[in-house]
Each structure stands twice: as structure tokens, then as C-alpha cells.
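Here the structure comes first, spelled out in C-alpha cells, and everything after it is commentary.
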């Protein structure tokens, strides 16, 4: 997708300190209008802190932040009306019916329509868009987990936000609910009207949804690019498994083709059950966040015996 030249979000030298602990250290990035940006990282990396600063819910120790042209802590009501937020979970309004709740929340946005965007989203259209047509008259507490998450998204976008924040949006989802949620977000992104930033632990989810992936580790951005760019920039190691003289071996290498050639050159027909598993972007991610030290011994005999099971 060709991105707009308009900058929706800009972060420059963002820092956050709690006591003597630097949670964020000189974080810098930007997002274009209509872009889907995924922020990945292990627990404690600073993902939620970053999102909360961008939403205006948390102060910062230093650096510059601009979201839709405003510094979040100082954004006025009209700016807030342009922002959508989907939290990890919430449990309010269980007795409300879906249609009534969305109509009620949407009524707060009516005064903030512009020449370009009519707010709020029409309730019936929104319910259909998030796949809750059959649940429109149900109480919120009667919804399934997947249906409730769709409602969370509907609440987040009822004001037709120009910037949408999703914090761990599919945590605890079963595969079917996760797939439906992904389809929903991809549909929102396809319009090009909403910039979306999401945090997740799931690299496959980020690859599916995001135009760009950033990896945050120990308060710093350690990788930033499209999934394809990251795969090229951080080439992982292929895994080679084989059997020799009845013993199973496993070896990680960046040159699997050459390794296999030398393996057969040395051992010939004695090699059995050869399997090569190419490296993935997930391997790269895990390697980055764990700061794994790669060891590349060219000796063929360096294969490690596979533990007995």
C-alpha cells in the first residue's frame, strides 16, 4: 500500500525514567497517515509505557511527541475526539445492550464532525462492520470473548478516529477469534483514513497486520522496517537436522546449502533423515530480544547431538 506523505505521529528522543530505572531511552520513530505500525518486544521492554505516552495518559521524562499535530498531554477535546483506544481488557457496562451502548458513546462525538469526517459512525453500519449484527440487541455480558473484543474495537472507532491505538488486541484469543479480529483490523486499515499502532507479542500477527514493525528491547528500538526489510537486515540461522550412525544431530547455520554439501561430501550415504528448516522472521525477533550471541563454527563436526526424548 502506498502511504500518505502526511505524518500522523512523530516521536523524537522519547525518554521515560522511574526513579533510577530508564524504561525508555531515546526512542525515535514516525508513522504516516494510514500506516499500520506494530510495536513488538518482551515483557518490560516499554511497549505499554510508549503507547500510554502517545495516548496522553502518561507523562514523559524527556523528548518530543506529536500525535495528529498535538503534544498528547495538552490535546484538547477536539483532538481527543480524533483518537481511538482499544485497551487490553475492560469489564464495564455489562448490562448495556450493544446497540444502545454504541449509540450512547457515539453521541459524544457528534459535535466534532469536520468537512472531511462525519462523526460518529452510524450505529447500524458500525455494528455490521465489526460483525455484530446478530448481537445488536444482546447485553454486553452475554457476548462471547471474540464478540466482546469486536465490541471493544467498535467502541474504539465509534468516533471515526484518525489515530487508533491497540494494546495487545488479541491476548487470550482462540485461533478463530484471532482470525476474525485480524480481518476486522485489515478492513479498517484498507480505508487508509486511520493510522493504527498496535502492541503485540505475536510476530505472525504483526507480519499479517502491519506495514511496518518496530522491535523494542530494554527501552530502545533495536529494529525498524517492513517484515521483508527486517528479514533481509537480520538474516537468521537455518536449522539442519540429520541422523548419522543412528545418532540424531542438529546444527544452526547461516549457510545451510554449503553446510549440507560439505556434510554429504564428508559422510556420503551415511547421512539419513536430513531436514533443513529455514530461518524465519520469528527466529530473528527472538534472537534480537534475547541478545543471543551467534557462534558460527565452520567445522562440520560441530553438530550437536539432539537430546534423547
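A short reminder: the numbers here are calculations on the coordinates, not readings from a lab. As the structure is a computational prediction, the values presented were derived from the model and not from experiment. Cβ sites come from the backbone with ideal geometry, for glycine too, and all protein chains shown count toward neighbours.
Residues in region 22-60 near a label at residue 5, defined as backbone nitrogen under 14 Å from the 7 Å Cα→Cβ point?
Answer for region 22-60: 33.
What does region 134-243 give for Rg and for Dmax, in Å, if only its C-alpha atoms count?
17.1, 61
What distance in nm lies between label points placed 7 Å from Cα along the C-beta direction at residue 141 and residue 276?
In this crude spin-label approximation the distance works out to 5.9 nm.
Just subtract the alpha-carbon distance of residue 57 and residue 104 from 0.36 nm times their residue separation and send over the number in nm, one decimal.
Stretched fully, the residue 57-residue 104 segment lengthens by 14.6 nm.
Normalized C-alpha radius of gyration of the chain, against 2.2 N^0.38 Å?
That works out to 1.22 for the chain.
Given a Förster distance of 25 angstrom, what is the FRET efficiency for residue 226 paired with residue 193, based on the Cβ-Cβ distance and rounded to 0.05?
Efficiency, rounded to the nearest 0.05: 0.75.
Put one equal scatterer on each alpha carbon of region 95-148, apply the Debye formula with no solvent term, and list log10 I(q)/I(0) at q = 0.16, 0.22, 0.31 1/Å to two decimals.
Calculated log10 I(q)/I(0) at the listed q: -0.49, -0.81, -1.21.
Among 268, 13, 192, whose mean-square fluctuation peaks in a Gaussian network model of the chain (Cα, cutoff 10 Å)?
268
Taking the chain as a Gaussian network, where each spring joins two C-alpha atoms under 10 Å apart, which residue of 37, 151, 143 fluctuates the most?
Taking springs between Cα atoms under 10 Å, the residue moving most is 143.
Between rounded, prolate and oblate, where does region 1-159 land on the alpha carbon gyration tensor, with a ≥ b ≥ c its root eigenvalues, rounded for a/c under 1.5, else prolate if a/b exceeds b/c?
Cα axes put region 1-159 in the prolate bin.
Compute the distance from the alpha-carbon center of region 159-193 to that of region 48-102, in whole Å.
Taking the Cα centre of each part, region 159-193 and region 48-102 sit 16 Å apart.
Would you mind checking the radius of gyration and Dmax of region 75-179 based on alpha-carbon positions, in Å?
13.6, 41
Can you compute the FRET efficiency between residue 12 and residue 113 using 1/(1 + (r/R0)^6), with r the Cβ-Cβ distance and R0 = 45 Å? Round to the nearest 0.05.
0.90
Counting DSSP beta bridges with both partners in the chain, what percentage is antiparallel, nearest 5?
The antiparallel proportion sits near 65 percent.
Among 153, 275, 140, determine the one that fluctuates most according to a GNM of the chain built with springs between C-alpha atoms less than 10 Å apart.
Sorting by GNM fluctuation, first place goes to 275.
Compute the length gained on full extension between residue 254 and residue 133: take 0.36 nm times their separation in residues and subtract their Cα-Cα distance, giving the result in nm to one decimal.
38.5 nm
Quickly work out the residue 97-to-residue 66 label distance, labels modelled 7 Å from Cα along the C-beta direction, and quote it in nm with one decimal.
Using points 7 Å along Cα→Cβ, the separation is 4.7 nm.
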